Each structure stands twice: as structure tokens, then as C-alpha cells.
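One structure coming up, written as C-alpha cells, with questions to follow.
Here, each number is a calculation from the coordinates, and none is a lab measurement. Since we're looking at a predicted model, the values are computed, not measured. Glycine also receives a Cβ, built like all others from the backbone with ideal geometry; neighbour counts cover every protein chain displayed.
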Amino acid sequence: MAGKVITVAQQKGGSGKTTIAANLAVAFVRAGKSVALLDTDPQGSLGRWFMARHGDGIADMDFSTASAWGVGYECEKLKKTCDIVILDTPPKVDADLRPSLKISDLVIVPVASSQVDVWAVESVLDLVARERKTALVVLNRFKAGTRVGTDVTAAIGDLDVALAETKLGNRVVYAETLGLGRGVQERGRGAATDEMAALLSEVEALL
Ligand SMILES: Nc1ncnc2c1ncn2[C@@H]1O[C@H](COP(=O)(O)OP(=O)(O)OP(=O)(O)O)[C@@H](O)[C@H]1O
Ligand SMILES: [Mg+2]
């Protein structure tokens, strides 16, 4: 088996990297895929999420950590046994990110609803382009019907990058479930569940 690797990266802290990594993992598992998580962020948030899940007796995905230089080796190993490997990365874009990008089939770049997030996006897109990889920008904490929502969408539209049709709203359920080691889809039906299903379809189409 040669699994697909998805890296979630964005220089701006708090843009939703870990939230998207965890929720995509849950979405893929629910779609019947075998999933491995690889946390390269020393903050270890995805690991905390996974341990909370594991502590509740849910053992439906794999988890490991890697430093920048170990990512390639660890990923190659995981790709042999899993359909999907999801990498969470720290909020910085430097040479350390390169090994993660190199091994990726798709790079997801979350952009929270602010111009600051848009400014931060260019450095990661440059690196992705240099590695000749595909990036998908996902608008997170999106506030439909607001000026900032329109401006951020337009600013991303001016860049040479694919923008996901699915926009993730600013919803308490994302924060609540993250702390509990769950995905929003495990809370039952609702707008966030629909958003993640739609995002999963878009991501699958790009793999
Ligand atoms: N769509 C959303 N709606 C509401 N809260 C959200 C949403 N996305 C993320 N959050 C919350 O925002 C905070 C930051 O999200 P997250 O930890 O996923 O960002 P990050 O990019 O991984 O941060 P870091 O750069 O520090 O690793 C968390 O408390 C999370 O629960
Ligand atoms: Mg994070």
C-alpha cells in the first residue's frame, strides 16, 4: 500500500492547523480509511488531542511524532500501512518545513478570517511551489456576510492557489471537541459536520 500524505501548514499561529488535522483524521476514519497522524509540532497539541481520544478507549487511528529530519523516514514507514498520513506542523515556515512538504501529496493551508493570516500565507505558498506540490487554502473561522470575510476571500483569490469551496465557520463546537479528543462529526448532525464532510470530498478529489 502507498498511502497519501497530507500536511497542514501555515506560519500564523492559531489559524486552525491542528483543528483541521484532527477533524480530517476523524472524517477519513469515518469514510473507512486507515489513518496515521504525525505531529511535528513541539507544542504537541495533536498529541494531546490523540491521547484524550485514546484515554476514552477510542483506538481508531495511529499517532507518532517526528522532528524535522525524521519526517521523511517516519512518513515512508506509515505510508506502507495506512491509507492516509496527516502531518501537523508548528506555526513557522522555515527550512524545517521542507521535509514535510517534500513527502506530501497535498498541503492544506488554513487561513483564519483576518488579513494577518493572508499576509502570513505567502511564505508557505512559496515553499510549496518550490517543492512543486499542490496547496489548498481553507478559510477557517469564516464569518459569512462580513466585510472581513469578503476581503479575505478576495485576497486569496488574487493569489495563485486553489481555494477550497468549503469554508469552516467560527463555531464553538470546533474548540469544544478539540479539547475532548473528538471531531465535530462525532457530535452528531450540524453545520460543522456538514462542513467537514464537504471538505473531505474536496480533499479526496485532490489526492
Ligand atoms: N472554526 C473554528 N471555530 C472556532 N474555533 C476554532 C476554529 N478553528 C480553530 N478554533 C480554535 O482556535 C484555536 C486555535 O486553533 P488550532 O490550535 O487548531 O490552531 P493552530 O494553527 O494549530 O495553532 P498553532 O499555530 O498554535 O499550532 C483553538 O482553540 C481552536 O479550538
Ligand atoms: Mg497547532
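Tell me what the chain gives for mean residue ellipticity at 222 nm when only DSSP H runs of n ≥ 4 count, each as -39,500 (n - 2.57), the sum divided by the residue total, rounded to 500 deg cm²/dmol.
-13500 deg cm²/dmol
While we're looking at this one, here's another question. Over the chain, what relative contact order in percent results from Cα pairs under 8 Å that are six or more residues apart?
About 28 percent, as a whole number.
Express the relative contact order of region 157-197 as a whole percentage, based on alpha carbon pairs under 8 Å and six or more residues apart in sequence.
Relative contact order for region 157-197 comes out at 36 percent.
Sticking with this one: Mind telling me which of ALA27, ALA154, ALA52 comes out most flexible in a GNM of the chain, alpha-carbon contacts under 10 Å?
Highest fluctuation among the options: ALA154.
Next question, about the same structure. What's the magnitude of the charge dipole for region 4-206 around its Cα centre, counting Lys and Arg as +1 and Asp and Glu as -1 at the beta-carbon? Answer in Debye, nearest 20.
With Lys and Arg at +1 and Asp and Glu at -1, about 240 debye.
Here's another thing I want to ask about it. If each residue's Cβ is checked for other Cβ atoms within 10 Å, how do VAL5, VAL116, VAL128 rank with the fewest at the top?
VAL116, VAL128, VAL5
Test of understanding: in a Gaussian network model of the chain with alpha carbons linked when under 10 Å, which of VAL93, VAL111, VAL85 would top the mean-square fluctuation ranking?
VAL93
May I ask you to work out the translational diffusion coefficient for region 4-206 at 25 °C, viscosity 0.890 mPa s, via Stokes-Einstein with Rh from the Kirkwood sum over Cα pairs, reported in whole µm²/s?
In µm²/s, the coefficient is 147.
Determine, for SER15, SER123, the number of other Cβ atoms within 10 Å of each Cβ, and report the residues in order from fewest to most.
SER123, SER15
Taking neighbour Cβ counts within 10 Å as the exposure measure, how do ASP105, ASP88, ASP56 sort from fewest upward?
Least to most surrounded, the residues fall as ASP56, ASP105, ASP88.
Using modelled backbone amide H atoms (1.01 Å from N, in-plane), which distant-in-sequence or interchain residues come within less than 5 Å of VAL5's amide H?
For VAL5, whose amide H was placed from the backbone, the distant partners under 5 Å are VAL85, ASP105, LEU106.
Would you mind telling me which residue in GLY169, GLY149, GLY57 has the biggest mean-square fluctuation in a Gaussian network model of the chain, where springs connect alpha carbons within a distance under 10 angstrom?
GLY57
May I pose another question? Could you sort out which of LYS33/LYS143; LYS4/LYS102; LYS4/LYS77; LYS12/LYS80 sit more than 23 Å apart by Cα distance in this structure?
Too far apart for the 23 Å limit: LYS33/LYS143; LYS12/LYS80.
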